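Notes to accompany the following structure.
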């Protein structure tokens, strides 16, 4: 069994009225993850790490993530800048560096983790071109003995909460990613962010989850008053037999008391 802590949509910036709250939310999540028992095997940030793609925002994000005790992997969201994200995290070996896209496989655990790049530089909605689809299929086929969890910023299924069920620029791009994910039968989970709300769905028969924004000023959905200022993140349990489950954890609850919540 392995435990993955997911962080998403921190939207760090230095010049918004709520900048300090976004920073506090991100720091609180990393501190909470560090205090978990058992500790997670890995932390994956599923994009929109920063809000404007600026170097100083990435420097702050890297400093916060440097405090994490578990290995950290990142993928770009629609607000991210690939070049500056590479500058901040590429030297640590946590992201791929052999292509214009930031997509890669993590092979060191009992479940393979595959990071997908859905960044569309022309829109907040996602993109997934033929070149990215071919790369994903090659990564899936490179190892055939382990189950796979795929991480993508934009969810490749129709999301029934929020203003728009399709979070890609075109339905064809969403369906292209969905087909690639279903290529082998070994993908057991698809894990995303972007819509700032927690929800679930399926990519074909594969269970899929979306976590809410860590940045509480940007988080969508209804929360009780006493939880509105408390960040939420997801914990995913995966095993070598393809088992998959997700729990939402509210920062500041007892170590084994993370409640489920959208």
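Could you list, in sequence order, the residues of the stretch 12-22 that are part of a helix (DSSP H, G or I) and either within 18 Å of the chain's Cα centre (by Cα) or surrounded by 20 or more Cβ atoms within 10 Å (Cβ to Cβ) (or both)?
22 - this is the single residue of the stretch 12-22 that is part of a helix (DSSP H, G or I) and either within 18 Å of the chain's Cα centre (by Cα) or surrounded by 20 or more Cβ atoms within 10 Å (Cβ to Cβ) (or both).
Considering (1) over 16 Å from the mean Cα position of the chain (by Cα); (2) at pLDDT 95 or above; (3) part of a loop (DSSP other than H, G, I, E, B), say which one residue 58 fails and leave the rest.
(3)
For (1) within 30 Å of residue 172 (Cβ to Cβ); (2) touching a residue at least 60 places away in the same chain (Cβ under 8 Å), each residue gets a yes or a no:
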site: 1; (1), (2): no, yes
site: 26; (1), (2): no, yes
site: 42; (1), (2): no, yes
site: 45; (1), (2): yes, no
site: 49; (1), (2): yes, no
site: 54; (1), (2): no, no
site: 84; (1), (2): yes, no
site: 103; (1), (2): yes, no
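Return a yes/no flag: does the stretch 143-153 have any residue that is surrounded by fewer than 21 Cβ atoms within 10 Å (Cβ to Cβ) and either closer than 20 Å to residue 84 by Cα or free of Cβ contacts under 8 Å to residues at least 12 places away in the same chain (or both).
Yes, the stretch 143-153 contains at least one residue that is surrounded by fewer than 21 Cβ atoms within 10 Å (Cβ to Cβ) and either closer than 20 Å to residue 84 by Cα or free of Cβ contacts under 8 Å to residues at least 12 places away in the same chain (or both).
Being closer than 23 Å to residue 148 by Cα, buried (at least 24 other Cβ atoms within 10 Å of the Cβ) and touching a helix residue (DSSP H, G or I) at 6+ places or on another chain (Cβ under 8 Å): is that true of residue 210 here? So that I can check it myself, show each step before the final result.
On the way: closer than 23 Å to residue 148 by Cα: yes; buried (at least 24 other Cβ atoms within 10 Å of the Cβ): yes; touching a helix residue (DSSP H, G or I) at 6+ places or on another chain (Cβ under 8 Å): no.
For residue 210, the condition - closer than 23 Å to residue 148 by Cα, buried (at least 24 other Cβ atoms within 10 Å of the Cβ) and touching a helix residue (DSSP H, G or I) at 6+ places or on another chain (Cβ under 8 Å) - is not met.
Pick from 76, 40: which is surrounded by 18 or more Cβ atoms within 10 Å (Cβ to Cβ), out of contact with any strand residue (DSSP E or B) (no Cβ under 9 Å at 6 or more places or on another chain), at pLDDT 95 or above and within 25 Å of residue 117 (Cβ to Cβ)?
76
Let's see how each residue does on (1) touching a residue at least 40 places away in the same chain (Cβ under 8 Å); (2) more than 26 Å from residue 34 (Cα to Cα):
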residue: 162; (1), (2): yes, yes
residue: 167; (1), (2): yes, yes
residue: 178; (1), (2): no, yes
residue: 193; (1), (2): yes, no
residue: 199; (1), (2): yes, no
residue: 206; (1), (2): no, yes
residue: 227; (1), (2): no, no
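Return a yes/no flag: does the stretch 107-118 have any residue that is farther than 21 Å from residue 193 by Cα, surrounded by 15 or more Cβ atoms within 10 Å (Cβ to Cβ), touching a strand residue (DSSP E or B) at 6+ places or on another chain (Cβ under 8 Å) and in contact (Cβ under 8 Å) with a residue 60 or more places away in the chain.
The answer is yes, given that some residue of the stretch 107-118 is farther than 21 Å from residue 193 by Cα, surrounded by 15 or more Cβ atoms within 10 Å (Cβ to Cβ), touching a strand residue (DSSP E or B) at 6+ places or on another chain (Cβ under 8 Å) and in contact (Cβ under 8 Å) with a residue 60 or more places away in the chain.
Would you confirm whether or not the stretch 80-90 contains a residue that is buried (at least 22 other Cβ atoms within 10 Å of the Cβ) and at pLDDT 95 or above?
Yes, that holds for at least one residue.
For the subset of the stretch 43-60 comprising residues that are in contact with a strand residue (DSSP E or B) (Cβ under 7 Å, 6 or more places away or on another chain) and closer than 21 Å to residue 3 by Cβ, which member is surrounded by the fewest Cβ atoms within 10 Å (Cβ to Cβ)? It would help to see each step written out before you state the result.
From the stretch 43-60, those in contact with a strand residue (DSSP E or B) (Cβ under 7 Å, 6 or more places away or on another chain) are 43-46, 49-51, 57-58, 60; that's our starting set.
After this cut, where a residue has to be closer than 21 Å to residue 3 by Cβ as well, the list is 43-46.
Numbers: 43: 22, 44: 26, 45: 30, 46: 29.
Result: 43.
Out of 9, 48, report the one residue that is over 13 Å from residue 85 (Cα atoms), part of a loop (DSSP other than H, G, I, E, B), under 14 Å from the mean Cα position of the chain (by Cα) and modelled with pLDDT of 95 or more. Walk me through it before giving the result.
Values: 48 fails: over 13 Å from residue 85 (Cα atoms).
Among 9, 48, only 9 is over 13 Å from residue 85 (Cα atoms), part of a loop (DSSP other than H, G, I, E, B), under 14 Å from the mean Cα position of the chain (by Cα) and modelled with pLDDT of 95 or more.
Across the stretch 61-73, what is the total count of residues that are without any contact (Cβ under 8 Å) to a residue 60 or more places away in the chain, surrounded by 14 or more Cβ atoms within 10 Å (Cβ to Cβ) and part of a loop (DSSP other than H, G, I, E, B)?
The qualifying residues number 2.
The values are calculated or read from the model by the stated rules, or taken from the named source; none is laboratory data. Given the structure is predicted, the values throughout are model-derived calculations rather than measurements. Here Cβ is always computed from backbone atoms with ideal geometry, including for glycine, and neighbour counts include all displayed protein chains.
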